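Have a look at the structure below, then the notes.
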Amino acid sequence: MNSRPGVSGRKVAGILSVVALGVVAVLWCRGRGSGSASTEAPPPELTQRVAVQDPDRVGYVSTFAGREDPVAVNELIHAYGKWAGDPGTLDARRLAFRTLLHHPNIKIGLEAVLMAVEQDQTPREQDPMWADLVRGIASVWDAVTIKLGRDLVLIETRAKPRDLLLESLATASPEKLSDEQRSLLVSDLIDLYPSLKPDQRPTVDRGLTALGGGDLVEILAGRGLGEESHLRRVSEEKRAQDEAKGVATRSP
């Protein structure tokens, strides 16, 4: 009579142990979500836990190098936005940006970068990543990709991504473009000029001058730019430099 309750107690204890082990196993598997081979995106709360708890964030971002799947792209986008405002994550965020930008499909890469930038609510002028972003995207514009960039800046409605596209186009290397492509880009930048923020104008001014040369001032004169505009001064300086070079070349 007294032995049966003891046996029952041991059975219950055994069942509870099995259940507890099962729960631990499930939690352990969930904790490895971002490293599993599953094609399903991990839940947002898991992504946030990994981002907060991983002390080596550069190492964490490096685990997605060479991966093109949507899970990897989404993880990098979320990490870039999640870590905004933390000075200790700049290297990791730079690596995440470069990894996204160099996706084999440039359209996917650019859209992923723009999504990541949109998640970072730091004002453009205070964003420590801004110069890296502008230079990085500017480096991809060439004779093959420039049409995509010109199209994107015209259809983009999100303020920060649009500013990034605009400044990157203004920083594009003229030598990578054909004469026709440079002319078309100059035309786009001139059309966008009236909507520029004051602190954007020097960047676009330099880009216009580099793309259009000293003769650009005549084009801009008909667009309402005054005698005191920064662009006019930059253009005149460029023209003076070109003329000085010409004199030096003709000198015996």
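The values are calculated or read from the model by the stated rules, or taken from the named source; none is laboratory data. What you are looking at is a predicted structure, and each value in this text was computed from that prediction instead of being measured. No Cβ is skipped: glycine too gets one built from the backbone with ideal geometry, and neighbour counts run over all protein chains shown.
Taking the criterion of being closer than 15 Å to residue 162 by Cα and in contact (Cβ under 8 Å) with a residue 24 or more places away in the chain, would at least one residue in the range 92-105 satisfy it?
Checked the range 92-105: no residue is closer than 15 Å to residue 162 by Cα and in contact (Cβ under 8 Å) with a residue 24 or more places away in the chain.
Go through the range 164-175 and give me each residue that's touching an Asp or Glu at 6+ places or on another chain (Cβ under 9 Å) and either surrounded by fewer than 17 Cβ atoms within 10 Å (Cβ to Cβ) or of a type in the set (Asp, Glu) (or both).
Matches in the range 164-175: 173 only.
For a quick check of your reading of the model, give me the residue pairs whose first member lies in the range 182-198 and is buried (at least 18 other Cβ atoms within 10 Å of the Cβ), whose second is basic (Lys, Arg) and at pLDDT below 90, with beta-carbon atoms closer than 9 Å and at least 6 apart or on different chains.
As it stands, the answer is 190/223; 193/201; 193/223, since those pairs meet every condition given.
To keep it simple, each residue is scored yes or no on (1) closer than 18 Å to residue 204 by Cβ; (2) in contact with a strand residue (DSSP E or B) (Cβ under 7 Å, 6 or more places away or on another chain); (3) hydroxyl-bearing (Ser, Thr, Tyr); (4) at pLDDT below 95.
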{"site": "89", "(1), (2), (3), (4)": "no, no, yes, yes"}
{"site": "99", "(1), (2), (3), (4)": "no, no, yes, no"}
{"site": "148", "(1), (2), (3), (4)": "no, no, no, no"}
{"site": "161", "(1), (2), (3), (4)": "yes, no, no, no"}
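Quick one: which residue in 167, 180 is charged (D, E, K, R), over 21 Å from residue 98 (Cα atoms) and not in a loop (DSSP other than H, G, I, E, B)?
Working: 167 fails: over 21 Å from residue 98 (Cα atoms).
Of 167, 180, the one residue that is charged (D, E, K, R), over 21 Å from residue 98 (Cα atoms) and not in a loop (DSSP other than H, G, I, E, B) is 180.
Examine the range 103-111 for a residue that is touching a Lys or Arg at 6+ places or on another chain (Cβ under 9 Å) and closer than 23 Å to residue 68 by Cα, and state whether such a residue exists.
No, the conditions are met nowhere in the range 103-111.
Within the range 197-216, identify whether any single residue is at pLDDT 75 or above and not in a helix (DSSP H, G or I), and answer yes or no.
yes
Which ones in the range 109-121 are within 17 Å of residue 79 (Cβ to Cβ) and either of a type in the set (Gly, Ala, Ser) or modelled with pLDDT of 95 or more (or both)?
Residues satisfying the conditions are 109, 111, 112, 113, 114, 115, 116, 117, 118, 119, 120.
Results for (1) of a type in the set (A, V, I, L, M, F, W, C); (2) surrounded by 15 or more Cβ atoms within 10 Å (Cβ to Cβ); (3) not in a loop (DSSP other than H, G, I, E, B), shown as yes or no for each residue.
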{"residue": "118", "(1), (2), (3)": "no, yes, yes"}
{"residue": "132", "(1), (2), (3)": "no, yes, yes"}
{"residue": "136", "(1), (2), (3)": "no, yes, yes"}
{"residue": "141", "(1), (2), (3)": "yes, yes, no"}
{"residue": "144", "(1), (2), (3)": "yes, no, no"}
{"residue": "147", "(1), (2), (3)": "no, no, yes"}
{"residue": "150", "(1), (2), (3)": "no, yes, yes"}
{"residue": "157", "(1), (2), (3)": "no, no, no"}
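For residue 178, state whether it is over 20 Å from the mean Cα position of the chain (by Cα) and surrounded by fewer than 15 Cβ atoms within 10 Å (Cβ to Cβ).
When the stated conditions are applied, residue 178 passes them.
Which number in (1) at pLDDT below 95; (2) of a type outside the set (Gly, Ala, Ser); (3) out of contact with any helix residue (DSSP H, G or I) (no Cβ under 6 Å at 6 or more places or on another chain) marks the one condition that residue 124 misses?
Condition (3) is where residue 124 drops out.
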